[in-house]
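One structure is given below, encoded as structure tokens.
The values are calculated or read from the model by the stated rules, or taken from the named source; none is laboratory data. As the structure is a prediction and not an experimental result, all values here were calculated from the model. Don't worry about glycine lacking a Cβ; one is built from the backbone with ideal geometry, like all the others, and counts go over all protein chains shown. SASA here: full protein model, heavy atoms, side chains in, ligands and nucleic acids out. Shrake-Rupley method; radii C 1.70, N 1.55, O 1.52, S 1.80 Å.
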Amino acid sequence: MADEPKQSADGAPVGRRALLGMLAAGAAGLAGAPYLQRGWEGFLAAASQVDSTGLTGLLPNPGGFRYYSVVASVPRKNETNYELRIDGLVDRPKTYTLSELRALPQTRVGHDVLCTDGWRVEKTPFEGVKLADLLDAAGVRSEGAAIRFTCFDGAYSESLTLEQARRADVLVALNMQDKPITHEHGGPVRLYVAPMYFYKSAKWLSGISVTDKVVPGYWEERGYAVDGWLDDADRHSDAA
Ligand SMILES: Nc1nc2c(c(=O)[nH]1)N[C@H]1C(S)=C(S)[C@@H](COP(=O)(O)O)O[C@H]1N2
Ligand SMILES: [Mo]
């Protein structure tokens, strides 16, 4: 789903529209859909991408959020098998476990979450390790100019310039709304880029690679802006 490199006039990716049409076909249309094989959670994840069919109104509303994934199913990871790899143009590549990330100094950032699809969740606190701290520990080489983020869903990716990545309001987040980030919201670890649209906040984060130039991410290859600044963002701020 959602893999055409096109956007409709209002900016919503066409792939989401295709899914929406499929779900709008109703229960009969859903009977053969792969979501059902994934149980309630998979169905919810797919159906909650739908904003205009009325289906979402029948489902538990996750606090104003929609659950997004570009793939049908994502493996679950926890303290026994989660790993975050930092590599690329760094002097000290490193693989962190979840408990190692939890043991590092934690920063809390609260901002409104906005998706380009039009929904917003006000004052959502995220907590985690500043990406800048992890980059400093890894020792970014002088050629390093950007970051490429990859995910253990096997498909999504994101990017930031090194300057953006070093902001104090960019987190490798472990908590959301004062609880460990759930699987549906990209746990155990997701990126949180507070000053930008939520598509920049890659869920199920597994890789942070320092590159010499920006490599456009999943939605960016499909028409989204590489710079995802929110209208009220202070683009040159170092403070959260
Ligand atoms: N791995 C991954 N990260 C992702 C996405 C995705 O599909 N896969 N969707 C992005 C978009 S468009 C939004 S709005 C948010 C949604 O986060 P949520 O599912 O926790 O609400 O995740 C972003 N990060
Ligand atoms: Mo989004």
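Points worth noting:
- Any chance His185 is within 8 Å of ligand 1 (Cβ to nearest atom) and farther than 15 Å from Arg148 by Cβ: yes
- Any hit, segment 146-156, residues being exposed (fewer than 14 other Cβ atoms within 10 Å of the Cβ), farther than 17 Å from Ser69 by Cα and out of contact with any Cys (no Cβ under 9 Å at 6 or more places or on another chain): no
- Just one residue in the set Val210, Val193, Val214, Val189 is open to solvent by 30 Å² or more (accessible area, probe 1.4 Å) and hydrophobic (A, V, I, L, M, F, W, C); that residue is Val214.
- Out of Gly110, Gly118, sole residue that is over 20 Å from Pro188 (Cβ atoms), more than 16 Å from ligand 2 (Cβ to nearest atom), in the same structural domain as Ile208 (by TED's automatic domain parsing) and at pLDDT below 95: Gly110
- Among the numbered conditions (1) open to solvent by 10 Å² or more (accessible area, probe 1.4 Å); (2) in contact with a Lys or Arg (Cβ under 7 Å, 6 or more places away or on another chain), the only one that Gln164 does not meet is (2).
- Residue that is least open to solvent (accessible area, probe 1.4 Å), among those in segment 59-81 that are basic (Lys, Arg) and at pLDDT 95 or above: Lys77
- Enumeration of residues in segment 108-129 that are open to solvent by less than 10 Å² (accessible area, probe 1.4 Å) and either touching a helix residue (DSSP H, G or I) at 6+ places or on another chain (Cβ under 8 Å) or acidic (Asp, Glu) (or both): Val113, Gly128, Val129
- Per this entry, Gly144 is counted among residues that are touching a helix residue (DSSP H, G or I) at 6+ places or on another chain (Cβ under 7 Å) and over 18 Å from Thr107 (Cβ atoms).
- Entry remark, segment 181-240: residues being in a loop (DSSP other than H, G, I, E, B), within 13 Å of ligand 2 (Cβ to nearest atom) and either closer than 17 Å to Lys123 by Cα or among the aromatic types (Phe, Trp, Tyr) (or both) number 7 in total.
- Against the test of being aliphatic (A, V, I, L, M) and either in contact with a Cys (Cβ under 7 Å, 6 or more places away or on another chain) or open to solvent by 60 Å² or more (accessible area, probe 1.4 Å) (or both), the options Ala132, Ala137, Ala103 yield a single qualifying residue, Ala103.
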